[in-house]
Amino acid sequence: MARNTRTPARILIVTTSTPAYETAGYRTGLWLSELTHFYDVVVEAGHDVTIASIDGGLVPLDPESLSLPMLAMGGTKRRYRDASFMDLLDQTPTLEDVADQDWDAIYLTGGHGTMFDFPHHEVLGSILATTLEDGGVIAAVCHGPAGFVGARLSDGSPLVAGRHVTGFSWPEEKLAKRDKAVPFRLDKALKAEGAKYTQALLPMAEKVVVDGVLVTGQNPTSAAGVGKAVVKLLKKNRVASR
């Protein structure tokens, strides 16, 4: 059932708080463009955004997402140079700080850090289930769907059971040379939750999957597309509730 979505809608963006791989000697964190591309789309549509992280405080950024080729994609460099925007990542609230609030949409950003602190997170799972069961929109991109692993609905069933989803693929993980560093295969973990996982024919090609009010994107090139799909679903919810 469509919920009576506010205008503007209230959107919660969730980021990782993990700054490094647990078993490797290099850093990770949020993949910046997966935040900025989505943020720009939904803010341009007039919606209100709150950015929270697992532990609160400063959001770690994956150094590779700050390389010149990555910053050149879709206006990310403009946001990175915008001190007022980057200040939003300095003192983020924790999930516990926002757990009792009502959200029209939840968006899980990616970056390899999410593979360590998103799965089986009790508060994150509760926020996702409550929003979904109340007719809100749930979205995630790249490694963000790791937040679905262990998330359960009020009846105890997996949040993504029987739903079509995508997320960072294993061929992409190998191309990124992180297949030995990640704690698990995201595609297999989603399938183990009962999800119907699919991926693009070519690595790093844009792919967005919409299943009801659940939206997932495969990789960084899909973040803007996820934002556009979320905006459409929020608009649909408003029309249906009139």
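Please indicate, with yes or no, whether at least one residue in the range 154-163 is within 21 Å of L234 (Cβ to Cβ) and touching a helix residue (DSSP H, G or I) at 6+ places or on another chain (Cβ under 7 Å). Yes, the range 154-163 contains a residue that is within 21 Å of L234 (Cβ to Cβ) and touching a helix residue (DSSP H, G or I) at 6+ places or on another chain (Cβ under 7 Å).
Is there a residue being surrounded by 16 or more Cβ atoms within 10 Å (Cβ to Cβ), in contact (Cβ under 8 Å) with a residue 24 or more places away in the chain and on the phi > 0 side of the Ramachandran plot anywhere in the range 109-118? Yes, that holds for at least one residue. Scanning the range 46-82 for residues that are out of contact with any helix residue (DSSP H, G or I) (no Cβ under 8 Å at 6 or more places or on another chain) and either part of a loop (DSSP other than H, G, I, E, B) or charged (D, E, K, R) (or both) turns up G46, D48, P60, S67, A72, R78, R81, D82. Regarding K228, is this residue touching a residue at least 60 places away in the same chain (Cβ under 8 Å), in a helix (DSSP H, G or I) and under 16 Å from the mean Cα position of the chain (by Cα)? So K228 fits the description; yes. Selection over the range 29-45 of residues that are under 16 Å from the mean Cα position of the chain (by Cα) and in a loop (DSSP other than H, G, I, E, B) gives a count of 2.
Examine the range 211-218 for a residue that is among the small types (G, A, S), under 15 Å from the mean Cα position of the chain (by Cα) and closer than 22 Å to G150 by Cβ, and state whether such a residue exists. Taking every residue of the range 211-218 in turn, at least one turns out to be among the small types (G, A, S), under 15 Å from the mean Cα position of the chain (by Cα) and closer than 22 Å to G150 by Cβ.
The set of residues from the range 47-70 being hydrophobic (A, V, I, L, M, F, W, C) and touching a residue at least 24 places away in the same chain (Cβ under 8 Å) comprises V49, I51, A52, I54, L58, V59, L61, L66, M70. Answer with yes or no whether S154 is polar (S, T, N, Q), over 21 Å from T28 (Cα atoms) and not in a loop (DSSP other than H, G, I, E, B). So S154 does not fit the description; no.
Every number here is computed from the coordinates shown, using simple stated rules; none is lab data. Remember, it's a predicted structure, so these values are computed and weren't measured experimentally. Don't worry about glycine lacking a Cβ; one is built from the backbone with ideal geometry, like all the others, and counts go over all protein chains shown.
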